[in-house]
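A single structure is presented below for examination.
The values are calculated or read from the model by the stated rules, or taken from the named source; none is laboratory data. Source: prediction; values computed, not measured. Every residue, glycine among them, receives a Cβ derived from its backbone with ideal geometry; neighbour counts consider all protein chains shown. What goes into the accessible areas is simple: the full protein's heavy atoms, side chains included, and nothing from ligands, DNA or RNA. Shrake-Rupley method; radii C 1.70, N 1.55, O 1.52, S 1.80 Å.
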Amino acid sequence: MAELTPGHERTRGRFVRLAHTRFATRLIMVMERFWPRILPLLVVISLFISISWLGLFRLMPDAVRYGVAASLALLAVASFWPLRSFRRPTSAEIDKRIERANQLVHEPVAAQSDRLAGNRDGFAEALWREHQKRMAGKLDNIHGDLPRTGVPERDPWGLRAAAALLLVTAAAFSSSPYGGSVLDAFRTHGGAEVVPPRVDAWVTPPAYTRRAPIYLTAEANRDTERFTVPQGSILALRVTGGSGSETLSYLTTDDAESLIDPEGASQSEALSTDTSARRFAATLTEDGKLRLKRDGQEIEGWLFSVTPDNPPEIRFAEDPKRAVNGALELAYEIEDDYGPAEARAIFEQARNAPDARPLYSAPDLPLTLPRRDGRTVAAKTSRDLTEHPWAGSTVKMRLHAIDDAGQEAQSETKLFALPERTFTNPLAKALIEQRRTLALDANKKPRVLAMMDAVMTWPEETLKDLSQFLGISAARSRLETAQTDEQLRDVVDYLWEIALIIEDGDLTAAEKRLRQAQEALKNALEEGASEEEIARLMDELRSAMQEFLREFAERAQQNPNMAQQLPENSQMLNQNDLDRILDQIEELAKSGARDQARELLSQLENMMNNLQAGRSQQGQSGNQQSEMRQQMDELGNLMRRQQELMNETFRMDQMQRGQRNQQGQEGQGEQGQQGEQGQQGQGNGQQPGDGQGMSPQEFADAMRGLQQGQGTLRQDLESLMQGLEGLGIRPGEGFGEAGEAMGQAEGALGEGEGEQAVGEQGRALEALRRGAQDMMNQLQQAMRGEQGGGEQGFRQSNNGRDPLGRPQATTGPDFGDSVEVPDEIDTQRARRILEAIRKRLGDALSPALEKEYLERLLDMQ
């Protein structure tokens, strides 16, 4: 093939460029002719879509909606009329458009495609090709033209842009909950909505979880992707306004969707009766998504992670054991997500014959529940079951717990002998054995009669009192004539009364009243009773305790041997000590510290139990070192004085702060404020002149007096440490830290720094307690090598405490570390907090949510 010359290359490039220009010009001319004719139809369509997406069709009555839709349809049909005049551009029109756009003369574009007319000869053709060649030379820089539709001349106000802007706005609005659909124009709504629907949704966790409700539609929760709620939470959703076609469903993780019907009616009934406010409610039990739809389109959705409520777990922490007074003591642990609702011990007879006919059911023993603080799982229950006919028999026991969701749990089974009361009188012991035999199997009535006949065969040998003979004779007669189970149960109760009279006389009535008062107060503290009820029960406990101690003292006078049943040098508990403990229990209950009140009541109950048990303990006296006891009593007195000095320093510091604040106010209500301060000082246990209205010199003198008292305490501590060293006891680090803290407090008091002095005094008091505990540990280690026999075994089993529940005389007084009792400063602070909470609750302007929170705080007491 022959190679193309440069001239041929240029010619070919011109024709390729001409072809591209003709194609582009053709498209421009088609658009110029088609766009003005199709634009009306596009505007009508955009108006229809905009009205639909803005939700206007849903707000129109049916007649208006039909009219608007028909008008738009007619406009759309009319928009097709201009299309009938559409014509495609011809090749000649395209060439002329190119020549006009490039300002070419003599039609050079058309000459490239023209042909000679008439007869053709060689000269004419050569001349024509030369003409085309010259015309082609003008096509080197040929280009197309821009489109000119003429729309701006027809729409000088630019109304077509308004239609486009409206379409963009409607497209953005359509994704909102109030957006519409293009199908709304073809749906029958039966009436227009007055207002867009308002959605309120919230989740209320179960009350026992102590969780606050979650408001799903609150502004603060708009960005929350997933809500974590406890299992069993109640979902509530309310739709106000709207079309009435809203539906609510819950989609679980396994794609199972369940419809939630409105409250009070089925779905169809709710749609036909009331659409102004529709309520939905459901219980959340598993993870999923809540979906609110309207006409099949989701308008709201919330994701939930449901925290399962696991069943409780209950187990023994220790084996069941017998207390010193015969009560059954149980130590156990209960674990639950939100705390158990109820727990009890279940008993079964372990050795009953298959054909036995028991007269009594198993003992009912509710268990004390641990605190609902999310951390405490251990709890203890002590209950006197010695009066129950099953006492002394071998039983199988398991613990049973139930949470607020109704889920249950059981522990392992324990086999043991149910604790019984110890009877020292042989006759009383025999009666109790026959009572138990009859109660466990009524078929053994003949055997019990035979045993009673044997006892009464030689009454002068076995019965030392005529009243005992008469009582047993009456019991035998009643048993012989008893036919029904109810009559047999009366005999069983009568045998118990006779055994108590033979063993203890009339003291048991006071003992029973005391136990009932203690149990009633314990139940009231656990159930959150009112202050009036607590005060009434405290009065009953004081009266019962006084009666018990009075009868116990009378019995001790009649029986001098009872005095030998306690350790020789044991400490005495007088009425003032008991009153102080009872006052502390009442103050703790009123200030809201009911857990500490229950612990202190339990300690008091143990003291009474130990006192009762002490009646049957023999030979519990030993050789005590009076000098050692004196040192320990001195230590207890030193700690008490340090506590009193700290309280006094705290009061002086508060008065100093009050005077400074009063001086900062410029003469407004000076005398009235002084009167109030005087009343407050008296309410805190101060008398007029104790610091109210003191001059700076008087206040400095008072602080110097406190400084001297602190110095005296430090010197007494040094003397005590020297005395302990003389007895062979090495003072622990706690005493050294206490002496250092006392010196710091003494210096702070000298400089008038009351707040710093209170802190150092508190540190000294805590160090004294640690030193006292260390000293007691050294004593116990020294005594272990000397202890042996029954007395030592008893003391070890009672953790070194006497029958009153206090440390033995050889181990010193109780330093207050067994129950954490708040001091006067903490009590005053707790009272102020409670008064502030009650004042806020009484404010009518307080928000309802705040009041509910404050009420829950008071319920947690």
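Listed here are the residues, each with its yes/no results for (1) of a type outside the set (Asp, Glu); (2) open to solvent by 70 Å² or more (accessible area, probe 1.4 Å).
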{"site": "Arg704", "(1), (2)": "yes, yes"}
{"site": "Leu713", "(1), (2)": "yes, no"}
{"site": "Asp716", "(1), (2)": "no, no"}
{"site": "Leu724", "(1), (2)": "yes, no"}
{"site": "Arg730", "(1), (2)": "yes, yes"}
{"site": "Gly752", "(1), (2)": "yes, no"}
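Is it fair to say Ala450 is open to solvent by less than 70 Å² (accessible area, probe 1.4 Å), modelled with pLDDT under 90, small (Gly, Ala, Ser) and not in a helix (DSSP H, G or I)? So that I can check it myself, show each step before the final result.
Working: open to solvent by less than 70 Å² (accessible area, probe 1.4 Å): yes; modelled with pLDDT under 90: yes; small (Gly, Ala, Ser): yes; not in a helix (DSSP H, G or I): no.
When the stated conditions are applied, Ala450 does not pass them.
Restricting to segment 393-447, name every residue that is small (Gly, Ala, Ser), open to solvent by 40 Å² or more (accessible area, probe 1.4 Å) and within 30 Å of Ala207 (Cα to Cα).
Once the filter is applied, which keeps residues that are small (Gly, Ala, Ser), open to solvent by 40 Å² or more (accessible area, probe 1.4 Å) and within 30 Å of Ala207 (Cα to Cα), segment 393-447 yields Ala405, Gly406.
Within segment 403-417, track down each residue that is assigned to a loop (DSSP other than H, G, I, E, B), under 16 Å from Arg344 (Cα atoms) and in contact (Cβ under 8 Å) with a residue 40 or more places away in the chain.
Restricting attention to segment 403-417, the residues satisfying the condition of being assigned to a loop (DSSP other than H, G, I, E, B) are 404-407, 411-413.
Restricting the remaining residues to those that are under 16 Å from Arg344 (Cα atoms) gives 404, 406-407, 411-413.
Residues satisfying the conditions are Asp404, Gln407, Ser411, Glu412.
Across segment 170-211, which residue is modelled with the highest pLDDT among those that are open to solvent by less than 40 Å² (accessible area, probe 1.4 Å) and closer than 24 Å to Val44 by Cβ?
Ala170
Could you please find all residues in segment 227-243 being closer than 14 Å to Asp309 by Cα, polar (S, T, N, Q) and in a loop (DSSP other than H, G, I, E, B)?
Within segment 227-243, just Gln231 meets the criteria.
Residue under question is Ser268, and the condition is that it be modelled with pLDDT under 85 and not in a loop (DSSP other than H, G, I, E, B); does it hold? Don't jump to the end; show me each part of the working.
Details: modelled with pLDDT under 85: yes; not in a loop (DSSP other than H, G, I, E, B): yes.
Answer is yes for this residue.
Take the residues of segment 360-378 that are polar (S, T, N, Q) and either farther than 30 Å from Thr437 by Cβ or in contact (Cβ under 8 Å) with a residue 40 or more places away in the chain (or both): which is surrounded by the fewest Cβ atoms within 10 Å (Cβ to Cβ)? Explain how you work it out, then say what you get.
Of the residues in segment 360-378, the ones polar (S, T, N, Q) are 361, 368, 376.
Still in the list and also either farther than 30 Å from Thr437 by Cβ or in contact (Cβ under 8 Å) with a residue 40 or more places away in the chain (or both): 368, 376.
Details: Thr368: 17, Thr376: 14.
Step by step, filter segment 360-378, then rank; the result is Thr376.
What number of residues in segment 150-169 are open to solvent by less than 70 Å² (accessible area, probe 1.4 Å) and assigned to a loop (DSSP other than H, G, I, E, B)?
Here the count works out to 3.
Could you name every one of the helices (runs of 4 or more DSSP H) located completely within segment 463-549 that has at least 1 residues being charged (D, E, K, R), over 25 Å from Arg436 (Cα atoms) and touching a residue at least 24 places away in the same chain (Cβ under 8 Å)? Even if it seems obvious, please write down each step before you answer.
On the way: elements: 466-481, 485-504, 507-527.
Of the helices (runs of 4 or more DSSP H) lying wholly inside segment 463-549, those with at least 1 residues that are charged (D, E, K, R), over 25 Å from Arg436 (Cα atoms) and touching a residue at least 24 places away in the same chain (Cβ under 8 Å) span 507-527.
Considering Ser258, Ser245, Ser249, which residue is small (Gly, Ala, Ser) and open to solvent by less than 20 Å² (accessible area, probe 1.4 Å)?
Working: Ser258 fails: open to solvent by less than 20 Å² (accessible area, probe 1.4 Å); Ser245 fails: open to solvent by less than 20 Å² (accessible area, probe 1.4 Å).
Exactly one residue qualifies, and that residue is Ser249.
Could you pull out the residue among Ser233, Ser245 that is farther than 26 Å from Tyr338 by Cα and either of a type in the set (Ser, Thr, Tyr) or modelled with pLDDT of 90 or more (or both)? Can you show your working first?
Numbers: Ser233 fails: farther than 26 Å from Tyr338 by Cα.
None of the other options fit; the residue is Ser245.
Now, a different point. For segment 340-359: of the residues being outside any loop (DSSP other than H, G, I, E, B) and open to solvent by 40 Å² or more (accessible area, probe 1.4 Å), which is farthest from Leu415 (Cα to Cα)?
Step one: list which residues in segment 340-359 are outside any loop (DSSP other than H, G, I, E, B), which gives 340-349.
With open to solvent by 40 Å² or more (accessible area, probe 1.4 Å) added as a condition, the list becomes 341-342, 344, 346, 348.
Values: Ala341: 26, Glu342: 23, Arg344: 17, Ile346: 12, Glu348: 10 Å.
Checked segment 340-359; the qualifying residue farthest from Leu415 (Cα to Cα) is Ala341.
Quick one: how many residues across segment 723-745 are in a helix (DSSP H, G or I) and either at pLDDT 75 or above or under 17 Å from Arg769 (Cα atoms) (or both)? Give the steps one after another, and end with the answer.
Applying the first criterion (in a helix (DSSP H, G or I)) to segment 723-745 yields 723-726, 733-745.
Those still in the list that are either at pLDDT 75 or above or under 17 Å from Arg769 (Cα atoms) (or both) too: 723-725, 733-745.
Going through segment 723-745 one residue at a time, the tally reaches 16.
Now, a different point. Do you know which residues across segment 212-226 are touching a helix residue (DSSP H, G or I) at 6+ places or on another chain (Cβ under 9 Å) and assigned to a strand (DSSP E or B)?
Of everything in segment 212-226, those that are touching a helix residue (DSSP H, G or I) at 6+ places or on another chain (Cβ under 9 Å) and assigned to a strand (DSSP E or B) turn out to be Ile214, Tyr215.
Please work out which one of (1) within 28 Å of Asp336 (Cβ to Cβ); (2) in contact with a strand residue (DSSP E or B) (Cβ under 6 Å, 6 or more places away or on another chain) is the condition Thr376 fails and give its number.
Exception for Thr376: condition (2).
Could you grab me the full set of residues in segment 64-86 that are at pLDDT below 80 and part of a loop (DSSP other than H, G, I, E, B)?
Result: Phe86, single match.
For segment 290-302, give me each residue that is open to solvent by 60 Å² or more (accessible area, probe 1.4 Å) and either in a strand (DSSP E or B) or touching a residue at least 12 places away in the same chain (Cβ under 8 Å) (or both).
Just the residues of segment 290-302 that are open to solvent by 60 Å² or more (accessible area, probe 1.4 Å), to begin with: 295-298.
Across segment 290-302, the qualifying residues are Asp295, Gln297, Glu298.
I'm told Pro426 meets every condition in (1) free of Cβ contacts under 8 Å to residues at least 12 places away in the same chain; (2) farther than 24 Å from Glu503 by Cβ except one. Can you identify the failing condition by its number?
(2) is the only condition that Pro426 fails.
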